[in-house]
Number of protein chains: 2
Amino acid sequence: MSAVRRRSAQAEARAESQRERILDAAQKCFVEQGFHGASMAAIAETADMSAGLMYRYFESKNAIMLAIIARELEGKRAKIEELYTDADFPAKVLEKFRLWQTGSAGVMNAALFLEMSAEATRAPEMARAIRTSDTLTRTDFERWLRRGREEGGLGLPEDVARARGVLMQCVIEGLVVRAARDPEFDAEILGEALEPLFRLMGFESPAPP
Amino acid sequence: MSAVRRRSAQAEARAESQRERILDAAQKCFVEQGFHGASMAAIAETADMSAGLMYRYFESKNAIMLAIIARELEGKRAKIEELYTDADFPAKVLEKFRLWQTGSAGVMNAALFLEMSAEATRAPEMARAIRTSDTLTRTDFERWLRRGREEGGLGLPEDVARARGVLMQCVIEGLVVRAARDPEFDAEILGEALEPLFRLMGFESPAPP
DNA sequence: CCAGCAAGAATGAACGCTCATTCATTTTCT
DNA sequence: AGAAAATGAATGAGCGTTCATTCTTGCTGG
């Protein structure tokens, strides 16, 4: 029985790695050809497996799309969290902007972000997934803005914090749009305009110790 | 010959109205089902004509997509121009935000904007069209920011104006993303955060006479 | 030690369907 | 009557999905 259990654990691990292989391939294809432009055949070829086999690991193409979105959103939140656990907010945002431009691996891809957002306006399942992640991100921003002064924050009242939290999201998402649209744009130019804007909104580096 | 010319002019007018009927239907379908999800049959039905007839007025589905984009971008620029030919910039932006949320006719549709932006990352023709409109919009913003003091402006130097012009675009586009994602969101909340932000960036109402 | 075997993994041809596009035909105008 | 406008069935390509089949793996009794 121990042998059986070991085997099934091993099989489970292999299945998981297969799922990831499929998701990696799907992400590449979705970025290059769009959700609807990418065919299962193309994804299979990219993943270096047969089309039929993918149905052992995912119920449908739609399930793959949803899995991609979940993975991307999780990654996005992790990246945004990095922004305010460390110093120099504007510089960190600029750094992320450059990553969005190049579409580096492991980063929320800007084109995919647009694709997802457009799709969410008509696919309720995607809208729900995005909405959840969206709310989490905004709540995090608000918490940051409402921190008390003794913690190095401004201690903003709730309504002001909410307004600025949303606006912050808009600015970030606007930067993503720009990164997708203009991968050659020199991020440095944004820097000097971004800094006073973030200061105004209360997103500053924590005070030095 | 006058009869011939009159006839051809009349025919031309009719052809133009047919083209517009197709574009209106296509826009509706694209918004509801996406560029690739909307079929020619669906567009034809919405336009209340046969599928075949559309090919008398447009070479292909792709040509329809490009025409839609051109029309949307032209409208977008006109709407943005309204922003600074009149008083109270932040209030006007909020008003546009609400229109994006409801997807009112005649206004650049938010979902379509996302769809277009995503498509542009892989279709060079669309990228070119969008890039052109994009540059025009930014140039307009920059001109506004560089206006001399005697004209009620700040007379900002070129590099600062460029940085703020791009950032302004990011904020606007971020608002579009938000409008698409959250049609229920109360725009009023944004108002109080938006006003100091625009003031900081130099986008103010013209001084009263 | 191994021949044989069950079961999971993987294949890829086939299926049913939808799509964009075409074109022989009919209808509508002048 | 004749030209232009409009139709909608036909076409063929491509899609997501299924499934009969083959391959691989690792356990088993002898």
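The values are calculated or read from the model by the stated rules, or taken from the named source; none is laboratory data. Not measured: the values here are computed from a predicted model. Glycine also receives a Cβ, built like all others from the backbone with ideal geometry; neighbour counts cover every protein chain displayed.
Of note:
- Options B:Ile69, B:Ile64: the member that is within 16 Å of DNA strand D (Cβ to nearest atom) and either assigned to a helix (DSSP H, G or I) or crowded, with 19+ Cβ neighbours inside 10 Å (or both): B:Ile64
- Put simply, of B:Glu59, B:Glu20, B:Glu12 the only residue that is within 15 Å of DNA strand D (Cβ to nearest atom) and not in a helix (DSSP H, G or I) is B:Glu59.
- Looking only at region B:46-75, residues that are away from chain A (no Cβ under 14 Å) and within 11 Å of DNA strand C (Cβ to nearest atom) come to 12 in all.
- Given (1) assigned to a helix (DSSP H, G or I); (2) within 16 Å of DNA strand D (Cβ to nearest atom); (3) surrounded by fewer than 17 Cβ atoms within 10 Å (Cβ to Cβ); (4) not polar (S, T, N, Q), index of the condition B:Glu82 fails: (2)
- Residues that are more than 8 Å from DNA strand C (Cβ to nearest atom) and either under 12 Å from B:Ile68 (Cβ atoms) or not in a loop (DSSP other than H, G, I, E, B) (or both), drawn from region B:29-43: B:Cys29, B:Phe30, B:Val31, B:Glu32, B:Gln33, B:Phe35
- Any hit, region B:38-47, residues being touching a residue at least 40 places away in the same chain (Cβ under 8 Å), closer than 22 Å to B:Ala123 by Cα and among the polar types (S, T, N, Q): no
- Yes/no for B:Asp24 being touching a Lys or Arg at 6+ places or on another chain (Cβ under 9 Å) and at pLDDT 95 or above: no
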